[in-house]
1. Would you confirm, using the coordinates I've provided, whether Val67 is in a loop (DSSP other than H, G, I, E, B), open to solvent by less than 10 Å² (accessible area, probe 1.4 Å) and among the aliphatic types (A, V, I, L, M)?
2. So which residues in segment 167-180 are among the aliphatic types (A, V, I, L, M) and either in contact with a strand residue (DSSP E or B) (Cβ under 6 Å, 6 or more places away or on another chain) or open to solvent by 10 Å² or more (accessible area, probe 1.4 Å) (or both), if there are any at all?
3. If you go through segment 159-172 one residue at a time, do you hit one that is within 30 Å of Ser138 (Cβ to Cβ), within 18 Å of the chain's Cα centre (by Cα) and aromatic (Phe, Trp, Tyr)?
4. Condition (residue is within 20 Å of Asp153 (Cβ to Cβ), open to solvent by 20 Å² or more (accessible area, probe 1.4 Å) and part of a loop (DSSP other than H, G, I, E, B)) applied to segment 74-88: is it met by at least one residue?
5. From Lys143, Lys183, grab the single residue that is open to solvent by 10 Å² or more (accessible area, probe 1.4 Å) and assigned to a strand (DSSP E or B).
6. Do the conditions hold for Phe210, that is, is it surrounded by 18 or more Cβ atoms within 10 Å (Cβ to Cβ), among the hydrophobic types (A, V, I, L, M, F, W, C), in contact (Cβ under 8 Å) with a residue 60 or more places away in the chain and out of contact with any helix residue (DSSP H, G or I) (no Cβ under 9 Å at 6 or more places or on another chain)?
7. Considering only residues that are part of a loop (DSSP other than H, G, I, E, B) and without any contact (Cβ under 8 Å) to a residue 24 or more places away in the chain, look in segment 226-278 and name the one that is most open to solvent (accessible area, probe 1.4 Å).
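The values are calculated or read from the model by the stated rules, or taken from the named source; none is laboratory data. These figures come from a predicted structure and were not determined experimentally. In this analysis, Cβ positions are derived from the backbone assuming ideal geometry, glycine residues included, and neighbour counts consider all displayed protein chains. For accessibility, only protein heavy atoms count, side chains too; no ligands or nucleic acids. Shrake-Rupley method; radii C 1.70, N 1.55, O 1.52, S 1.80 Å.
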Amino acid sequence: MAEPLLSQRYIIEEKHEIEDITSNNLIQELMHNLPGYKNGFIRVKPSGFVFISETQIHLERIRKFEVRDDDIWICTFPKCGTTWTQELIWCLMNNFDFKTANSVNLDDRMVFFEYCTILDEVFDFSTDTIQQAADMPSPRIIKTHLPFQMLPDQIRTREKTPKIVHVYRNSRDVCVSHYHHWKILKGFSGGFDLWAKLFLEGLGGYYGPFWKHVESYYCSQYDNIFFVKYEDMKKDLRSTIVAASNFIGCNKLSVNEISQLEGHLSFTNFQNSPTLNKQHLVNLCDKVGCSNQNEGAVFVRKGIVGDWKNYFRHDMSENFRQRDKELSDVTGIVMEDV
């Protein structure tokens, strides 16, 4: 059974406690189907989120990270439209500098805050991304997949009040996209049925459980936050652009600027742009032997709503619907059957 959702009462943990969950039967199945992550997995308490064992040595640095009031933090569970939202916010903050956007990788324009904490020994990665974020000039745009309870103390205590952009998506579409992500970039070989079971129990890789992660932001009582729904972006990107621009305090956008940005953020452009499609990361994972990809695998896969219908059996879907309902009862979020 997955752990229950959090209460709506705002919680600030004074410290994190670590539970080694490597011996969990489902975790053992996960590890059996991965080429890396041989040091096991942990659950960070009291919030209950799952990470690889290596993450624990960085938790104190994350807690004590120096936040700035003019930061913008893009906070999502993985595969909820993070890259799409990153590019949207970067373009708004950089006066529609499409020349740079089309010539410099997004990963080089914006730091992934805790990236150095979620890599195991398979990767020869020496960049300290937490320090990299600390060294960035203001205003910083920082990407993270951390739940609200694990953000730096200065945010959770409101000592600093940066803007937060939070994106969420239909749970079943997230599960499908997450499955392909772990196949291509982590080498998962266990099949979708196992992945859906892992995801449902909050053990599909790290950052889970998904529903608790979404709830952590909706129940945070943090005022300076902009909530974005992936399906709304797909349905009406223009409205999302305008709302995001208003939230971060940009000058009023012209019709031409909005149209240009819509074109830049189109799925076709994302798939074909080497600065956005992260093909370099896919190729690296293949090179170091941690990929279970077919030839031609891509990071930007389909970008559609409702792909879950091609993967889920009825009983699996009903289990996810129950978790969706539990989240809705607490937050009011509705996961439509789209």
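1. yes
2. Result: Val167, single match.
3. Within segment 159-172, one or more residues are within 30 Å of Ser138 (Cβ to Cβ), within 18 Å of the chain's Cα centre (by Cα) and aromatic (Phe, Trp, Tyr).
4. Within segment 74-88, not a single residue is within 20 Å of Asp153 (Cβ to Cβ), open to solvent by 20 Å² or more (accessible area, probe 1.4 Å) and part of a loop (DSSP other than H, G, I, E, B).
5. Lys143
6. No; evaluated as a whole, the condition is false for this residue.
7. Lys252
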